[in-house]
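Visitor: The structure is given below, and queries will be raised subsequently.
The values are calculated or read from the model by the stated rules, or taken from the named source; none is laboratory data. Computed from a predicted model, the values in this text were never measured in an experiment. Every residue, glycine among them, receives a Cβ derived from its backbone with ideal geometry; neighbour counts consider all protein chains shown.
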Amino acid sequence: MTDAPASNVPEYTVGEISGALRRTVEESYAFVRVRGEVSGFKRHSSGHLYFCLKDSDAVLDAVCWRGQAVRLGINPEYGIEVVATGRLTTYPGRSKYQMVVERLELAGQGALLKLLEDRRRKLAAEGLFDGARKKKLPFLPEIIGVVTSPTGAVIRDILHRLEERFPRRVLLWPVAVQGEGAAQQVAAAIAGFNRLTPGGRVPRPDVLIVARGGGSIEDLWAFNEEIVVRAAAASAIPLISAVGHESDTTLIDFAADLRAPTPTAAAEKAVPVRAELVAQVADAGARLVGAATRTLADRRGRLDGLARALPHPRAVIEDCSRRLDDRVERLRLAVPNLMHRRAAEIDRLAGRLRHPRELLAAKRHALESRAAALDHALATRLHTEKARLDKDRLRLDQAAGRLKPAIGRILADCGGRLASLGQLLDSVSYKRVLERGYAVVRDGTGHPVASADIPPGTALAVEFKDGCVAVRVEGKKPGKGRESGRQGSLL
């Protein structure tokens, strides 16, 4: 076998060539910006983000490590077009290359509007924008909470408008209103105001204002984030959204209880005008005094009219006095008259009553009559019963005379019948058969044995006319019919 010809082409191992390719790619593409559509997005349990960037010609794998993922300005979603900033590297284990993303931006306003519309539909389907969830603002809040930037013109406009209309106590929760982390700060401020205790060291506001000045859709994007919309919808304190100018619309406007076109308009909607209230109170007071005066005058006129229709109290009292005197006189005479009428009525009723002695004599006569009738009835009954008893005694004596001969005849007849039955029984008794030379074979229980099919060794008893003999079966004697039988021996 001959040796292979020598070559001046260098040889690499797989690891060496993979490492060389990785160094070349990372040095040549250490900082790139790639525009494409997000596809196959997946958030791993470790916090890393895996997805693909694609266009009509190619697909590029991308990864965003956990440390960078928490600082991304947007969340990658399927179908949105983004511009990814980062570096290219290779993965030798699978001979693949990929992009390590460090920053992610939406590619153009069209993509932002598409993402905004998709998110609006999703949150509306969950019911976060329903009108039934809207809370009514208090007429005159004591404390107003404001969520905005502490250095912008928004807070100055709100304070100035409140001072003009109706000065109220304002609590400011300073937040960033755009850029990285702004959405988280706004959501935390809304939730923080809701966690305050009414009457505590830091009192809980009666109404919230979330405000920001105008800007582009990118500048206002923090108020389109899902975390801010959900915080506004979950707020137990009535919330006014005042983000941007009148033409700007963000998703927090749909979740808020009231939308104001500008921060200044939000302050106007939060409190009424103090001067107008004072004028209304003064007008209402004047109307109340006028109404009370007219009511009193009307009541006084009605009272005077009713008083004219009533008689004079002195005449009423005099009439009552005369009626009282008349009633007293009639009452004084009524008692004797009543007693006289009752006495006359008693005398009249007494004349209709019979004397007690007469009543007693009548009752005594009636009682004697009933006693005589009862004695007669009792005597008649006793005589009748005595006659019936005498008749029954005679019939009993006659029956007793006939009973003795009848008993003798009955006994003689029964004795004759018994004797004839005894003779008949004696004539059919098996004892008569035994007297003619026959015997009765019985088993151990005393029952007659009617068959010759008896096992050898069986103990039997043979009864003759003059006694019984015990025997044991030894075998069967040869023969047929009446001549065949068992042989036995005396025991």
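Visitor: If you scan region 78-90, which residues turn out to be touching a helix residue (DSSP H, G or I) at 6+ places or on another chain (Cβ under 9 Å) and among the hydroxyl-bearing types (Ser, Thr, Tyr)?
Guide: Within region 78-90, 89, 90 meet the criteria.
Visitor: Which one of 62, 30 is in the same structural domain as residue 97 (by TED's automatic domain parsing), small (Gly, Ala, Ser) and loosely packed, with under 12 Cβ neighbours inside 10 Å?
Guide: Of the residues listed, the single one that is in the same structural domain as residue 97 (by TED's automatic domain parsing), small (Gly, Ala, Ser) and loosely packed, with under 12 Cβ neighbours inside 10 Å is 30.
Visitor: Same structure, new question: Just need a number here: residues in region 33-58 that are touching a Ser or Thr at 6+ places or on another chain (Cβ under 8 Å) and exposed (fewer than 13 other Cβ atoms within 10 Å of the Cβ).
Guide: Counting residues in region 33-58 that are touching a Ser or Thr at 6+ places or on another chain (Cβ under 8 Å) and exposed (fewer than 13 other Cβ atoms within 10 Å of the Cβ) gives 1.
Visitor: Conditions: (1) more than 24 Å from residue 230 (Cβ to Cβ); (2) at pLDDT below 80; (3) loosely packed, with under 13 Cβ neighbours inside 10 Å. Residue 113 meets all but one. Number of the miss?
Guide: So residue 113 meets the others, but not (1).
Visitor: Would you say residue 345 is modelled with pLDDT under 85 and either among the aromatic types (Phe, Trp, Tyr) or over 60 Å from the mean Cα position of the chain (by Cα) (or both)? Don't jump to the end; show me each part of the working.
Guide: Details: modelled with pLDDT under 85: no; either among the aromatic types (Phe, Trp, Tyr) or over 60 Å from the mean Cα position of the chain (by Cα) (or both): yes.
Here the answer is no, as residue 345 does not meet what is asked.
Visitor: Further question: Where in region 246-309 are there helices (runs of 4 or more DSSP H), lying wholly inside it, with at least 2 residues that are free of Cβ contacts under 8 Å to residues at least 60 places away in the same chain and basic (Lys, Arg)?
Guide: 274-309
Visitor: Within region 165-176, is even one residue in contact with an Asp or Glu (Cβ under 6 Å, 6 or more places away or on another chain), assigned to a strand (DSSP E or B) and aliphatic (A, V, I, L, M)? Steps first, please.
Guide: The initial filter retains those residues of region 165-176 that are in contact with an Asp or Glu (Cβ under 6 Å, 6 or more places away or on another chain), namely none.
No - not one qualifying residue is present in region 165-176.
Visitor: Quick check on my filter: what residues within region 127-140 are exposed (fewer than 10 other Cβ atoms within 10 Å of the Cβ) and assigned to a loop (DSSP other than H, G, I, E, B)? Quick ask: steps written out before the conclusion?
Guide: To start, the set of residues in region 127-140 that are exposed (fewer than 10 other Cβ atoms within 10 Å of the Cβ) comprises 131-132, 136, 139.
The answer is 136, 139.
Visitor: Can you go through 258, 208 and tell me which one is crowded, with 22+ Cβ neighbours inside 10 Å and under 49 Å from the mean Cα position of the chain (by Cα)?
Guide: So the residue among 258, 208 that is crowded, with 22+ Cβ neighbours inside 10 Å and under 49 Å from the mean Cα position of the chain (by Cα) is 208.
Visitor: Taking residue 31 as meeting all but one of (1) in contact (Cβ under 8 Å) with a residue 40 or more places away in the chain; (2) under 22 Å from residue 179 (Cα atoms); (3) out of contact with any helix residue (DSSP H, G or I) (no Cβ under 6 Å at 6 or more places or on another chain), write down the number of the exception.
Guide: Here residue 31 meets the rest and fails (2).
Visitor: Do we have residue 78 as among the hydroxyl-bearing types (Ser, Thr, Tyr), over 30 Å from residue 17 (Cβ atoms) and in contact with a Ser or Thr (Cβ under 7 Å, 6 or more places away or on another chain) here? Give the derivation first.
Guide: Working: among the hydroxyl-bearing types (Ser, Thr, Tyr): yes; over 30 Å from residue 17 (Cβ atoms): yes; in contact with a Ser or Thr (Cβ under 7 Å, 6 or more places away or on another chain): yes.
Yes; evaluated as a whole, the condition is true for this residue.
Visitor: Using the structure shown, decide if residue 144 is surrounded by 18 or more Cβ atoms within 10 Å (Cβ to Cβ) and under 14 Å from residue 252 (Cα atoms).
Guide: no
Visitor: Could you list, ordered by first residue, the pairs with Cβ atoms under 7 Å in which the first is in region 102-119 and within 17 Å of residue 49 (Cα to Cα) and the second is outside any helix (DSSP H, G or I) and at pLDDT below 75, at least 6 apart or interchain?
Guide: From region 102-119, the pairs are 104/73; 104/74; 105/73; 106/74.
Visitor: Report, ordered by the first and then the second residue, all pairs with beta carbons closer than 6 Å, sequence separation of six or more or different chains, a first member in region 224-235 that is in the same structural domain as residue 258 (by TED's automatic domain parsing) and outside any helix (DSSP H, G or I), and a second member that is crowded, with 21+ Cβ neighbours inside 10 Å and not polar (S, T, N, Q).
Guide: Close Cβ pairs (under 6 Å, with a partner that is crowded, with 21+ Cβ neighbours inside 10 Å and not polar (S, T, N, Q)) amount to 225/183; 235/190.
Visitor: Can you tell me which residue is modelled with the lowest pLDDT among those in region 279-325 that are within 30 Å of residue 166 (Cα to Cα) and not small (Gly, Ala, Ser)?
Guide: Filtering region 279-325 for residues that are within 30 Å of residue 166 (Cα to Cα) and not small (Gly, Ala, Ser), the one modelled with the lowest pLDDT comes out as 280.
Visitor: Something else about it: Restricting to region 186-205, what's the tally of residues that are surrounded by fewer than 19 Cβ atoms within 10 Å (Cβ to Cβ) and not small (Gly, Ala, Ser)?
Guide: Total meeting the criteria: 9.
Visitor: Follow-up. Take the residues in region 227-250 that are out of contact with any strand residue (DSSP E or B) (no Cβ under 8 Å at 6 or more places or on another chain) and modelled with pLDDT under 90; name whichever of them is farthest from residue 82 (Cα to Cα).
Guide: Among them, the one singled out is 246.
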